[in-house]
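Everything on this sheet refers to the single structure shown next.
The values are calculated or read from the model by the stated rules, or taken from the named source; none is laboratory data. The structure displayed is predicted, hence computed values, not measured ones. Counting neighbours? That spans all protein chains shown, and the Cβs are built from the backbone with ideal geometry, glycine included. All accessible areas refer to the heavy atoms of the entire protein, side chains included, with ligands and DNA or RNA removed. Shrake-Rupley method; radii C 1.70, N 1.55, O 1.52, S 1.80 Å.
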Amino acid sequence: MAIELPDTLIQLETRAWEEIQAGALTTDTAAAVQAAITEHAKAIGEDRFKVEAALKKRVRHPEA
């Protein structure tokens, strides 16, 4: 079963990924993404590492 990812979480990770690629990731962006992942994982009763992996796959490797 695929992990459901809300648009807000995808947008946060997209911003972080763009900052990473530009060499300009801020601690504020990184912390916001991690907090949102943890909150979403708790809300859906899923392991936060699985949520993070699904999110990164969706944003960083959409062709997969």
* To do: Output the number of residues of the stretch 34-55 satisfying the condition of being in contact (Cβ under 8 Å) with a residue 24 or more places away in the chain and either closer than 13 Å to residue 12 by Cα or more than 10 Å from the chain's Cα centre (by Cα) (or both).
  => 7
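Taking the conditions exactly as written (over 10 Å from the mean Cα position of the chain (by Cα), at pLDDT 95 or above and either of a type outside the set (S, T, N, Q) or open to solvent by 40 Å² or more (accessible area, probe 1.4 Å) (or both)), does residue 31 satisfy them or not?
Details: over 10 Å from the mean Cα position of the chain (by Cα): yes; at pLDDT 95 or above: yes; either of a type outside the set (S, T, N, Q) or open to solvent by 40 Å² or more (accessible area, probe 1.4 Å) (or both): yes.
Yes.
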